[in-house]
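Inspection log for the structure reproduced underneath, given as structure tokens.
The values are calculated or read from the model by the stated rules, or taken from the named source; none is laboratory data. All values reported here derive from a predicted model rather than from experimental measurement. Using ideal geometry, Cβ is built from the backbone for each residue, glycine included, and neighbour counts are taken over all protein chains shown. Surface areas here come from the heavy atoms of the whole protein model, side chains and all, with no ligands, DNA or RNA. Shrake-Rupley method; radii C 1.70, N 1.55, O 1.52, S 1.80 Å.
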Amino acid sequence: MKEVRTRFAPSPTGYMHIGNLRTALYGYLYAKSQGGKFILRLEDTDSKRYVEGAVQIIYDTLKDAGIFYDEGPDIGGPCGPYVQSERASIYKEYAEKLVSLGGAYYCFCDKERIDSLKDENGVGRYDKHCLRLSKEEVEEKLKAGVPYVIRQNVPEEGSGSYEDLVYGTVTVDFKDVEDGILLKSDGMPTYNFANVVDDHLMGITHVIRGSEYLSSTPKYNLMYDAFGWERPTYIHLPPIMKNAHEKLSKRNGDASYQDLVAKGYCKEAIVNYIALLGWSPKSNVEKMTLAELEEHFSLAGLNKSPSIFDEPKLRWLSGEYYREMPAEKFAALAVPFLQKSKAYGRYDEAKLLRLVQSRTDVLEDIPSKLDFLEEYGAVDPALYFNKKMKSDAELAKSVLPQAAAALEKLEKFENAEIYASLCELAQSQGLKNGSVLWCVRIALTGRENTPGGASEMAELLGKERCLSRLASAAKALSA
């Protein structure tokens, strides 16, 4: 059985778009699920779009996401070089061969003539003018050094069909396909030519890419057929949408992998979520590690419906990973964000981390979860009201001095002891535990919502600060 070989062939034009990363991930997962090879190739022939540092971003992003390739520019392999700008002589050789096979021709038309073919909207279509030049005329122009490009010779009639594993049978009429440029006047190939040559020479068996290439594939197949090469298996992926009407796009400034990591989304969750954007596992289990994705990924789960990037779902998944993460690993990730909080340095770091780990979905939320600890002021009496807890300001006025007295007696001022003491107070007064705990938490924090309960807040504040706040809140209610 032929070894499965997939590839990811990004252009170094900036950050790693979510759609690009999904293409890489699916190529990697399919290769691994079949015991095959995953190849990285850099398509950098468009120098105008090249962005300095973008190559390193590609390397770093794939490594960070755990997507390791078997062959590539930085690690080598038997089919290199894996950078298109280093393969110019290869493309020239095959472009000239395609001319000899009748699948392409030399075009000597200058810019003025090409522009004359355009209508008032700037839309034009090449008219095959140079295809009609005699062999002698072509050789004469080549010897004279007349600048040229090599164009594909697309049939004027008929259609091209192929089978896509996601979209089924795809057919394109050749009358709708222009004789595109394969080799530019500077000797560099266009994407349309280079990807065909490279995929063949690198033994790529399955081409996985975005659905925007569905209509281009028949012209690639014309080249495969002219060379007598076996066509690869095609797997085109549906777009990832921002909403029902807009595609997710880096041109619109939509989030990249780097942006999501910088915000503090769990990396494993990002990869996990991206895998679900267009693929459904048979088990319907959504939370899967990369190793589990490798084990369960199959082409049967791919669908052709566009996927909407649902950030709330990604937040949920990220939180699930953080809650199950070992405390030491969470701390290493969370401390840089914790340091941005007003509470940092004022409280026990381990306690702060323990408090937020089970309540954090995205690490950039940590400061807002803790800043209130240093923003304590006058407590709004209305906050004591809670119908469910049967609590209000009058109850708090009675409870707070008693709570302070009970907590002052504690020698060990820790969560379990504090909680037990406050519950004992509630029972002695014939109150619900929740009523007392609610009043104490409001008094200590001045906030309706906090990342921990009354006893956790008390332990974090420490005995001295806790008693001081209870006294202050009680005094305000009695004024």
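Each Cα pair under 8 Å and six or more residues apart adds its sequence gap; the mean of these over the residue count of the stretch 45-151 is a relative contact order of 23 percent. How much FRET efficiency would the formula 1/(1 + (r/R0)^6) give for K184 and S368, where r is the Cβ-Cβ distance and R0 is 56 Å, rounded to 0.05? Computed FRET efficiency for K184 and S368: 0.60. With the simple spin-label model, which puts each label point 7 Å out from Cα in the Cβ direction, the K340 to A244 separation comes to 3.4 nm.
Measure off, as a whole percent, the carbon and sulfur share of the 1.4 Å-probe accessible area of the stretch 33-182, all protein chains present. Could the numbers behind the result be given before it?
Working: 4070 of 8390 Å².
Of the solvent-accessible surface of the stretch 33-182, carbon and sulfur hold 49 percent.
Using the rule -39500 (n - 2.57) for each DSSP H run of four or more residues, divided by the residues of the chain, the 222 nm mean residue ellipticity is -13000 deg cm²/dmol.
Given the C-alpha centroids of the stretch 267-331 and the stretch 98-144, what is the distance between them in whole angstrom? Centre-to-centre distance over Cα atoms comes out at 50 Å.
With a 1.4 Å probe and all protein chains left in place, how much of the accessible area of the stretch 203-339 comes from carbon and sulfur atoms, in whole percent? Of the solvent-accessible surface of the stretch 203-339, carbon and sulfur hold 51 percent. Here the accessible area of the stretch 389-478 is 46 percent carbon and sulfur, with a 1.4 angstrom probe and all protein chains present. Applying a 4.7 Å Cβ-Cβ cutoff to the chain, the cysteines left without a disulfide-compatible partner are C79, C109, C266, C423, C439, C466. Each of L276, P12, V196 was placed along the dipole of the chain (beta-carbon charges, centred on the mean Cα), and the one lying farthest toward the positive end is L276. Fully extending the segment from S211 to V285 would add 24.0 nm, taking 0.36 nm per residue of separation and subtracting the current Cα-Cα distance.
In this simple spin-label approximation, A416 and S33 carry label points 7 Å from Cα along the Cα→Cβ vector, and these lie 4.7 nm apart.
By how many nm would the segment from D348 to I75 grow when fully extended, if each residue of separation counts as 0.36 nm and the alpha-carbon distance is taken off?
On the way: separation 273, 0.36 × 273 = 98.28 nm, distance 4.52 nm.
Gain on extension, D348 to I75, equals 93.8 nm.
Angle of helix 18-33 to the longest C-alpha principal axis of the chain, folded into 0 to 90 degrees and rounded to 10: 80°. Sequentially through the stretch 143-155, phi angles give Karplus couplings (6.51, -1.76, 1.60; θ = phi - 60°) of 5, 7, x, 5, x, 8, 10, 10, 9, 6, 9, 8, x Hz, Gly and Pro residues having no value and appearing as x. Let me know the charge dipole size of the chain about its Cα centre in debye, to the nearest 20, where only the beta-carbon of Lys, Arg (+1) and Asp, Glu (-1) is charged. For the chain, the charge dipole is close to 1280 debye. Rounded to the nearest 10 degrees, the inclination of helix 433-445 to the longest alpha-carbon principal axis of the chain is 70 degrees.
Rounded to the nearest 10 degrees, the angle from helix 54-65 to the longest Cα principal axis of the chain is 50 degrees.
Positive-end ranking of S116, G453, V362 along the dipole of the chain, with charges on Cβ about the Cα centre, is headed by G453.
For the stretch 102-168, a crude dipole built from +1 on the beta carbon of Lys and Arg and -1 on the beta carbon of Asp and Glu, taken about the Cα centre, is about 260 debye to the nearest 20. Rolling a 1.4 Å probe over the heavy atoms of the protein chains gives the stretch 276-358 an accessible area of 55 Å² per residue. Extending 7 Å from Cα along the Cβ direction at A262 and again at W229 yields two label points whose distance is 3.8 nm. For L237, the residues whose amide H sits under 5 Å from its own are R209, G210, S211, ignoring neighbours fewer than 5 places away on the same chain, with H placed 1.01 Å from N. Between (i) 81, 69, 47; (ii) 108, 53, 36; (iii) 88, 82, 40, which matches Cα extents along the principal axes in Å calculated for the structure shown? Step by step, Cα extents along the principal axes in Å for this structure corresponds to label (ii). Computed from backbone phi with θ = phi - 60° and the Karplus coefficients 6.51, -1.76 and 1.60, the 3J(HN,Hα) list for the stretch 404-420 is 5, 5, 5, 6, 5, 6, 6, 7, 9, 9, 10, 3, 4, 5, 5, 4, 4 Hz; x is used for glycine and proline. Heavy-atom accessible surface of the stretch 399-476, averaged per residue, reaches 45 Å², computed with a 1.4 Å probe. For the set K32/K369; K2/K184; K175/K304; K263/K463, the pairs lying more than 31 angstrom apart at their alpha carbons are K32/K369; K2/K184; K263/K463.
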